[in-house]
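Participant: First, the structure itself, so that you have it in front of you.
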Amino acid sequence: MEIERKYLIQASSIPFDYTQYPCRHIEQGYLSTEPVVRIRKDNDDYFLTYKSKGFLSREEYNLPLTKDSYDHLKSKIDGRLIQKLRYVIPLDSSLSIEMDFFQGDLSPLILAEVEFPNETLANTFQPPNWFGEDVTFSPKYHNSVLSLHNI
């Protein structure tokens, strides 16, 4: 189960040097957006992912892929291949921020996601004051939708 909140971020509002934190290079494409079936390259790891419907909480299943399998499936995606840099920033002792800087024609979009162990914590979360609009319940900020449309 994936439980997360998602926020828009303005680069000028980030109060620290995020480049000092670990960064992953991610590219992902969608074989289907209903249901969501995604392929992802995360640095040198490759996955096929199924996600159920939902916003705050949804089921997510990841299966490992080989590079060859990923490359084969990449030619079959619908829409654009999303490319982003993901910085992982500790928030407190149990939470972290995954801040995605979208590349290409989705730039300068920046989204921050915070994953939670349960819905109670997610529903009572108070974001840092530099976070922008909470877009958790906005379907247009799902990566599967972004793969098909511009914002």
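Participant: What is the percent carbon and sulfur in the accessible area of the chain, measuring with a 1.4 Å probe over the protein chains and ignoring ligands?
Facilitator: Details: 4120 of 8140 Å².
After summing per-atom areas, the C and S share lands at 51 percent.
Participant: Amide H neighbours of Thr136 under 5 Å, at least 5 residues apart or on other chains, H built in the peptide plane: list them.
Facilitator: Residues meeting the amide H criterion: Lys6.
Participant: Along segment 39-44, what does the Karplus equation 6.51 cos²θ - 1.76 cosθ + 1.60 (θ = phi - 60°) give for ³J(HN,Hα), rounded to whole Hz, x for Gly and Pro?
Facilitator: These are the phi-based 3J(HN,Hα) values: 10, 9, 10, 10, 6, 10 Hz.
Participant: Additional query: Add -39500 (n - 2.57) for each DSSP H run of 4 or more in the chain, then divide by its residues: what number comes out at 222 nm, to the nearest 500 deg cm²/dmol?
Facilitator: Calculated from helices alone, the mean residue ellipticity at 222 nm is -2500 deg cm²/dmol.
Participant: Now a separate question. Using modelled backbone amide H atoms (1.01 Å from N, in-plane), which distant-in-sequence or interchain residues come within less than 5 Å of Gly54's amide H?
Facilitator: For Gly54, no residues qualify.
Participant: What FRET efficiency comes out for the pair Asp71/Leu148, r = Cβ-Cβ distance, R0 = 30 Å, nearest 0.05?
Facilitator: My answer for the efficiency is 0.85.
Participant: Let me know the shape class of segment 18-74, please: from the alpha-carbon gyration tensor, a ≥ b ≥ c as square roots of the eigenvalues, rounded when a/c is under 1.5, otherwise prolate if a/b is greater than b/c, or oblate.
Facilitator: Because a/c hits 1.5 or more and a/b fails to exceed b/c, segment 18-74 counts as oblate.
Participant: Heads up, I need the accessible area for Thr66: 1.4 angstrom probe, whole protein in place, Å², nearest 10.
Facilitator: 80 Å²
Participant: Under 18 Å from a point placed 7 Å out from the Cα of Tyr21 along the Cα-to-Cβ direction: which residues of segment 109-133 have their backbone N that close?
Facilitator: So the set is 109-117, 122, 125-133.
Participant: Residue-wise, which Karplus ³J(HN,Hα) couplings in Hz belong to segment 5-20, taking 6.51 cos²θ - 1.76 cosθ + 1.60, θ = phi - 60°, and x for glycine or proline?
Facilitator: Once rounded to whole Hz, the list reads 10, 10, 9, 6, 10, 9, 3, 5, 8, 6, x, 7, 8, 5, 5, 7.
Participant: Under 4 °C and 1.567 mPa s, how fast does segment 1-44 diffuse according to Stokes-Einstein, given a Kirkwood radius computed over C-alpha pairs? Answer in µm²/s, whole number.
Facilitator: 95 µm²/s
Participant: Moving to a separate point now. Counting only the heavy atoms of the protein chains, how much of Val37 is accessible to a 1.4 Å probe, in Å² to the nearest 10?
Facilitator: 40 Å²
Participant: To continue, here is another question. Between the DSSP loop rule and a limit of at most 12 other Cβ atoms within 10 Å, which trypsin sites (Lys or Arg not before Pro) in segment 65-117 are left? Walk me through the numbers on the way to the answer.
Facilitator: Working: sites: Lys67, Lys74, Lys76, Arg80, Lys84, Arg86; in loops: Lys76.
Sparse-neighbourhood loop trypsin sites (Lys or Arg not before Pro): Lys76.
Participant: Hey, which aspartates and glutamates would be in cross-link range of Lys84, C-alpha to C-alpha under 17 Å, not counting anything within fewer than 8 residues on its own chain?
Facilitator: Qualifying aspartates and glutamates at Cα under 17 Å: Glu27, Asp42, Asp44, Asp45, Glu98, Asp100, Asp105, Glu113.
Participant: On average, how much area does the Cα convex hull of the chain cover when viewed from any direction, in nm²?
Facilitator: 8.8 nm²
Participant: Hey, if you put +1 on the Cβ of every Lys and Arg and -1 on every Asp and Glu Cβ in segment 1-137, which of Pro117, Ser57, Phe47 ends up farthest toward the positive end of that dipole?
Facilitator: Value computed over the given set: Phe47.
Participant: Working with all protein chains in place, sort Met99, Met1 by solvent-accessible area computed with a 1.4 Å probe, largest first.
Facilitator: Met1, Met99
Participant: If you don't mind, another one. Given a 1.4 Å probe, how much area per residue of segment 45-151 is accessible, in Å²?
Facilitator: Heavy-atom SASA per residue in segment 45-151 reads 55 Å².
Participant: Express the relative contact order of the chain as a whole percentage, based on alpha carbon pairs under 8 Å and six or more residues apart in sequence.
Facilitator: Relative contact order, the chain: 32 percent.
Participant: Computed FRET efficiency, Cβ-Cβ of Asp134 and Met1, R0 30 Å: what is it to the nearest 0.05?
Facilitator: That gives a FRET efficiency of 0.90.
Participant: Now a separate question. Enumerate the calculated ³J(HN,Hα) couplings along segment 118-125 in order (Karplus 6.51 cos²θ - 1.76 cosθ + 1.60, θ = phi - 60°), each rounded to whole Hz, writing x wherever the residue is Gly or Pro.
Facilitator: 7, 5, 4, 5, 5, 6, 9, 4
Participant: So if I take the centroid of the Cα atoms in segment 1-76 and the same for segment 122-151, what is the distance between those two points in Å?
Facilitator: Centre-to-centre (Cα) distance: 14 Å.
The values are calculated or read from the model by the stated rules, or taken from the named source; none is laboratory data. Computed from a prediction, not measured in an experiment: that's the story for all the values here. When we count neighbours, we look across all protein chains shown, and the Cβ atoms used for this are built from the backbone with ideal geometry, even at glycine. Quick note on the areas: whole protein, heavy atoms, side chains included, nothing else; ligands and nucleic acids left out. Shrake-Rupley method; radii C 1.70, N 1.55, O 1.52, S 1.80 Å.
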